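Report on the structure given below.
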């Protein structure tokens with residue numbers, strides 16, 4: 001896979017992740033998205049390509065779950081649930097969720113949310129070709 005194919009694949013995975021999050025009522029009220037990817041969705045002329053999802057936690061979520069570790073645990077579980085539900089609904093399924101990873105960016109309440117790893121399935125047989133990448 002060359003660099004452009006890799007970036008296109010990552011872009012596709014991130015679109016799927018964002019769709020999974022958008023379909024989950026809890027995550028929609030928990031995450032406040034920011035950054036180039038979200039701007040590009042709403043500003044047709046934006047040309048900057050972003051290969052991650054950046055979000056802040058909502059004030060309500062922070063108040064409900066005090067402590068960074070508790071927040072990370074609840075958010076990780078929510079992401080894994082939403083991603084699994086989204087990909088299981090696909091026929092044929094294109095991805096399987098291995099795990100969700102959160103990367104704190106700044107002290108306080110900012111987290112960068114995305115998948116720790118995703119596996120793309122080329123077909124639905126047991127001999128699927130899988131590639132693995134870390135998305136940050």
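On the stretch given as the stretch 31-48, residues that are within 23 Å of residue 3 (Cα to Cα), in a loop (DSSP other than H, G, I, E, B) and out of contact with any helix residue (DSSP H, G or I) (no Cβ under 7 Å at 6 or more places or on another chain) total 2.
Of the residues making up the stretch 55-67, those that are in a helix (DSSP H, G or I) and more than 19 Å from the chain's Cα centre (by Cα) number 5.
Do we find that residue 48 is surrounded by 14 or more Cβ atoms within 10 Å (Cβ to Cβ) and at pLDDT below 80 in this structure? It is false that residue 48 is surrounded by 14 or more Cβ atoms within 10 Å (Cβ to Cβ) and at pLDDT below 80. Selection of the stretch 75-106 for residues being surrounded by fewer than 16 Cβ atoms within 10 Å (Cβ to Cβ) and at pLDDT 85 or above yields 77, 84, 85, 88, 89, 90, 91, 92. Listed by first and then second residue, the pairs linking a residue in the stretch 36-65 that is in contact (Cβ under 8 Å) with a residue 12 or more places away in the chain to a residue that is surrounded by 15 or more Cβ atoms within 10 Å (Cβ to Cβ) and in a loop (DSSP other than H, G, I, E, B), with Cβ atoms under 6 Å apart and 6 or more places separating them unless they lie on different chains, are 36/50; 37/50; 57/109; 62/109. Within the stretch 1-28, restricting attention to residues that are without any contact (Cβ under 8 Å) to a residue 40 or more places away in the chain and in contact with a strand residue (DSSP E or B) (Cβ under 9 Å, 6 or more places away or on another chain), which residue is surrounded by the most Cβ atoms within 10 Å (Cβ to Cβ)? This residue is 18.
The values are calculated or read from the model by the stated rules, or taken from the named source; none is laboratory data. Remember, it's a predicted structure, so these values are computed and weren't measured experimentally. We place every Cβ from the backbone using ideal geometry, glycine too, and count neighbours over all the protein chains shown.
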